[in-house]
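Everything on this sheet refers to the single structure shown next.
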Amino acid sequence: MSDSPLLEIRDVSKTFGSVISLSGVSTTVRAGQVTCVLGDNGAGKSTLIKILSGVHQPDGGELLIDGNPVRLGSPREALDAGIATVYQDLAMVPLMAIWRNFFLGSEPTKGWGPFRRFDRATAIETTRRELADMGIDIRDPDQPVGTLSGGERQSVAIARAVHFGARLLILDEPTSALGVKQAGVVLRYIARARDRGLGVVFITHNPHHAYPVGDRFLLLNRGKSLGDFAKSELSLAELTRMMAGGAELDQLAHELDRNPAGKATS
Amino acid sequence: MSTGTATAAGPDERLARVGLLKRLLLKPELGASIGAVLVFVFFAALSDVFRSASGVANWLDPASTLGIMAVAVALLMIGGHFDLSAGVQTGTAAITSGLLTTYYGVNTWAALLISLALVLAIGFVNGYLVVRTGLPSFIITLGTFLMLQGLNLGITKLVTNTVQVNNFNKIIGYDVLHAVFASEITIGGASFQIAILWWVVATILGSWLLLRTRFGNWIFATGGDPNAGRNVGVPVARTTISLFMITSFAAWFVGTTQIVRLTSIQAQAGFGQELIYIVAAVIGGCLLTGGFGSAIGASIGALIFGMTSQGIVYAGWDADWFKFFLGAMLLLAVLANQYIRRFAELSRR
């Protein structure tokens with residue numbers, strides 16, 4: 001790959017009043033690679049996303065894009081830098097057709113003056129092509145987004161971000177609300193986006209979703225980094241164990257084990 | 001990845017089968033079109049006059065002015081809002097033009113521009129208050145409705161000592177106004193109001209705006225999910241305010257049509273009409289919750305209203321039955337819409 005990563009996060013920290021939400025977190029995202037951010041609830045995943053998407057600014061450390069330090073002052077600036085965030089609520093209108101949603105807010109137009117109009121043919125055709133390029137087979141771009149499954153909606157949102165020039169895709173728990181099969185569909189599109197040369201930041205709390213597509217793994221716990229590993233340094237079993245908090249899990253297993261025994265003696 | 005992804009993406013057979021039915025049901029104007037045909041056949045079978053040229057001209061007339069308003073109100077409803085002051089604004093526009101010209105001697109064209117500016121300002125205030133406060137438009141426009149109702153009556157009485165403004169036909173330029181707003185065209189021995197033509201223009205314009213422009217896309221998003229729209233850069237506030245002002249413009253047009261045609265205007269003109277506009281839009285397939293509907297549907301809703309109101313007279317029934325008919329049709333339309341919405345929003349997670 002190239003020498004400087006697409007995005008580098010260096011020692012980033014963020015505090016809200018007296019709450020240290022994130023401290024000393026570092027990782028890299030390279031083009032054509034997936035960096036997974038794993039952590040339990042309250043680990044600081046959302047804070048990290050908001051820093052990357054320009055909603056919050058870090059109190060310490062820095063962000064580097066293509067090796068150059070940047071300051072993302074607003075979501076707009078992040079978008080202009082090629083960072084697109086696909087949120088859980090997806091920013092799609094269920095009652096509107098797929099192609100209308102795809103271009104919502106950035107509609108292509110043709111014609112002049114009062115006759116300037118929404119270029120439907122281009123919009124429909126582009127939507128169909130972009131979705132097909134992502135391997136999403138939508139028979140009819142005219143069907144309302146509400147009729148799509150959760151996985152398909154995520155996929156359309158990803159395709160939209162890719163079309164509007166994203167170089168770095170941030171996916172906020174795209175698989176958490178989905179069933180096993182649908183999550184598989186989304187993972188496939190993540191791989192597809194990666195293969196098209198995008199850098200992907202994939203936020204999840206499910207190591208079984210992260211491990212198959214991930215190239216790097218950043219583990220967060222209570223705002224601190226538990227480590228930033230390449231795939232070669234880590235097995236799925238180790239990842240799962242660290243996610244669950246290692247020693248804490250042993251303790252939990254121990255506690256759960258003792259209960260039936262205690263019940264039997266009483 | 002592999003080429004197998006496309007087929008793995010979903011059960012295609014099922015998608016295709018549901019697709020066709022869904023697509024038909026998702027045409028907002030489908031129900032209203034079927035209803036209009038049924039109503040026409042019903043009254044045409046009962047009465048010869050109903051289906052004669054003069055009969056048609058007769059029932060197209062009330063449908064036309066209602067239809068112009070219904071198209072604007074439908075756009076507003078798709079954008080997620082109501083305007084209960086729409087009816088009374090027709091009166092406000094007409095009374096303003098009437099008083100300025102006949103009592104204060106203001107130039108006809110200046111008076112028309114002033115009344116237009118006035119109702120556009122009312123529309124702006126409605127929209128601005130809705131956007132700024134986040135309160136339901138129902139309650140905000142109920143407020144402006146009551147205020148305008150009071151003003152229309154109060155000012156008319158104060159200036160004229162009666163409850164109407166007369167002698168609009170005595171003003172300079174009335175001929176031109178009459179030609180534009182109230183002339184009649186004779187086809188097949190029956191004279192058709194020119195308002196019917198404006199109604200058709202309004203429907204085409206509304207439909208074009210809704211389906212073929214960026215603004216139309218924003219209307220759907222504003223009513224469907226304003227937060228999602230905002231996230232991707234739709235100017236939700238501007239769209240909302242524009243929709244209220246479009247409704248006000250329609251009210252000015254219809255109010256002007258009324259005062260030109262009748263040469264006078266009652267201080268109570270337009271009271272209660274706001275609900276009829278909403279009825280027409282809902283029969284035409286607009287969801288009360290916004291984000292779905294059509295301009296053509298609203299026009300067909302107005303057509304059903306026109307046919308039913310006149311058809312009952314031609315059939316020789318007591319006109320009291322009309323309200324019952326209208327209510328039943330509204331109820332049917334709302335139930336059908338509810339079903340369609342559930343169908344459309346149902347996700348196959």
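The values are calculated or read from the model by the stated rules, or taken from the named source; none is laboratory data. The structure displayed is predicted, hence computed values, not measured ones. As a convention, Cβ positions derive from the backbone with ideal geometry for all residues, glycine included, and neighbour counts pool all protein chains shown. Ligands, DNA and RNA are excluded from the accessible area calculation, which covers all protein heavy atoms including side chains. Shrake-Rupley method; radii C 1.70, N 1.55, O 1.52, S 1.80 Å.
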Worksheet item: Lys/Arg Cβ at +1, Asp/Glu Cβ at -1, dipole of the protein assembly as shown taken about the Cα centre: which of B:L287, A:A253, A:G214 is farthest positive-ward?
Response: B:L287
Worksheet item: For segment B:26-105 and segment B:300-323, what is the separation of their Cα centres, given in Å?
Response: 13
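Size of the dipole of segment B:31-340 about the Cα centre, Lys and Arg at +1 and Asp and Glu at -1 on the beta carbon, nothing else charged, in debye to 20? Walk me through the numbers before you get to the answer.
Working: 10 positive and 9 negative charges, 128 e Å.
With Lys and Arg at +1 and Asp and Glu at -1, about 620 debye.
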Practice prompt. Would you please classify the overall shape of segment B:31-340 from the alpha carbon gyration tensor, given that a ≥ b ≥ c denote the square roots of the eigenvalues, rounded means a/c under 1.5, and beyond that prolate means a/b larger than b/c while oblate covers the rest?
Written response: oblate
Worksheet, complete the sentence: Longest principal axis of chain A (C-alpha) makes with the long axis of helix A:180-195 (C-alpha) an angle, in degrees to the nearest 10, of 70
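Determine the dipole magnitude for the protein assembly as shown: charges of +1 sit on the beta-carbon of Lys and Arg, -1 on that of Asp and Glu, nothing else is charged, the reference point is the Cα centre, and the result goes in debye to the nearest 20.
Dipole magnitude for the protein assembly as shown comes out near 280 debye.
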Worksheet entry | Relative pair counts by distance (%), Cα atoms of segment B:205-293, 10 Å bins | 14, 40, 29, 14, 3, 0
Practice prompt. Kindly provide log₁₀ I(q)/I(0) values, in the same order as q = 0.10, 0.21 Å⁻¹, from the Debye equation applied to equal alpha-carbon scatterers of segment A:36-135.
Written response: -0.45, -1.12
Worksheet item: Can you run phi through the Karplus equation (6.51, -1.76, 1.60; θ = phi - 60°) for segment B:334-339 and list ³J(HN,Hα) in whole Hz, with x for Gly and Pro?
Response: 5, 4, 4, 4, 4, 5
Worksheet item: What ³J(HN,Hα) values, in whole Hz, does the Karplus curve 6.51 cos²θ - 1.76 cosθ + 1.60 give for segment B:260-271 when θ = phi - 60°, with x put for Gly and Pro?
Response: 5, 5, 8, 6, 8, 9, 7, 5, 8, 4, x, 4
Discussion item. Can you compute the FRET efficiency between A:E125 and B:N161 using 1/(1 + (r/R0)^6), with r the Cβ-Cβ distance and R0 = 56 Å? Round to the nearest 0.05.
Written reply: 0.30
Worksheet item: Quick one: Debye curve from the C-alpha atoms of segment B:64-171, no solvent, what's log10 I(q)/I(0) at q = 0.21, 0.24 Å⁻¹?
Response: -1.13, -1.30
Worksheet item: Got a sec to turn the phi values of segment B:173-190 into Karplus ³J(HN,Hα) couplings, 6.51 cos²θ - 1.76 cosθ + 1.60 with θ = phi - 60°, whole Hz, x for Gly and Pro?
Response: x, 4, 4, 5, 4, 4, 4, 6, 9, 9, 6, 10, 10, 8, 10, x, x, 10
Worksheet, complete the sentence: With DSSP loop assignment and no more than 16 other C-beta atoms within 10 Å, the chymotrypsin sites (Phe, Trp or Tyr not before Pro) in segment A:70-144 are A:Y87, A:W112
Worksheet item: Which cross-chain or sequence-distant (5 or more) residues have an amide H under 5 Å from the amide H of A:Q143, H modelled 1.01 Å from N in plane?
Response: A:I98
Fill in: For A:190-196, mean number of other protein chain Cβ atoms within 10 Å
1
Item to complete: Quick one: accessible surface of A:D172, probe radius 1.4 Å, all protein chains present, in square angstrom to the nearest 10.
Response: 30
Worksheet item: So what is the calculated 222 nm ellipticity per residue for chain B, using -39500 (n - 2.57) for each DSSP H run with n of 4 or more, over all residues, to the nearest 500 deg cm²/dmol?
Response: -24500 deg cm²/dmol
Discussion item. Counting only other chains, and only Cβ atoms inside 10 Å, what mean value do you get across the residues of A:174-185?
Written reply: 1
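When the helix-only estimate is applied to chain A (DSSP H runs of n ≥ 4, each -39,500 (n - 2.57), divided by the residue count), what is the mean residue ellipticity at 222 nm, nearest 500 deg cm²/dmol?
On the way: 9 runs with 97 residues, N = 266.
Dividing the helical sum by the residues of chain A leaves -11000 deg cm²/dmol.
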Worksheet item: Which residue, chosen from B:F50, B:N126, B:G316, occupies the Cα position most advanced towards the positive end of the dipole of segment B:31-340, where the dipole is computed from +1 (Lys, Arg) and -1 (Asp, Glu) charges on Cβ about the Cα centre?
Response: B:N126
Item to complete: Could you pull out every residue, at least 5 positions away or on a different chain, whose amide H is within less than 5 Å of the one on A:G61? Hs are placed 1.01 Å off N in the peptide plane, and Pro or chain starts have none.
Response: A:S13
Worksheet item: What accessible area per residue, rounded to a whole number of Å², is obtained for chain B using a probe radius of 1.4 Å?
Response: 45
Worksheet item: For B:M147 and B:R51 in one chain, what is 0.36 nm times their gap in residues minus the Cα-Cα distance, to one decimal in nm?
Response: 30.3 nm
Response to the item:
Any residue on another chain or 5+ positions along whose placed amide H is under 5 Å from the amide H of A:R167 is listed here as A:I83, A:A84
Discussion item. For a quick check of your reading of the filter: which trypsin sites (Lys or Arg not before Pro) in segment A:166-244 sit in a DSSP loop and have no more than 15 other Cβ atoms within 10 Å?
Written reply: A:R196, A:R222
Practice prompt. Mind grabbing the base-10 log of I(q)/I(0) for segment B:132-199 at q = 0.11, 0.13, 0.29 Å⁻¹? Debye formula, identical points on the C-alpha positions, no solvent, two decimal places.
Written response: -0.57, -0.72, -1.11
Worksheet item: Calculated FRET efficiency, A:Y87 and A:Q57, Cβ-Cβ r, R0 30 Å, to nearest 0.05?
Response: 0.95
Discussion item. Please compute one quarter of the surface area of the Cα convex hull for the protein assembly as shown and express it in square nanometres.
Written reply: 38.7
Worksheet item: With point charges of +1 on the Cβ of Lys and Arg and -1 on the Cβ of Asp and Glu, referenced to the Cα centre of the protein assembly as shown, which listed residue (A:S13, B:A202, A:G54) lies farthest in the positive direction of the dipole?
Response: B:A202
Worksheet, complete the sentence: Measuring from its Cα centre, segment A:192-251 shows a charge dipole (+1 at each Lys and Arg Cβ, -1 at each Asp and Glu Cβ) which, in debye to the nearest 20, is 280
Item to complete: Quick one: grab Rg to one decimal and Dmax as a whole number for chain A, Cα atoms only, in Å.
Response: 20.8, 86
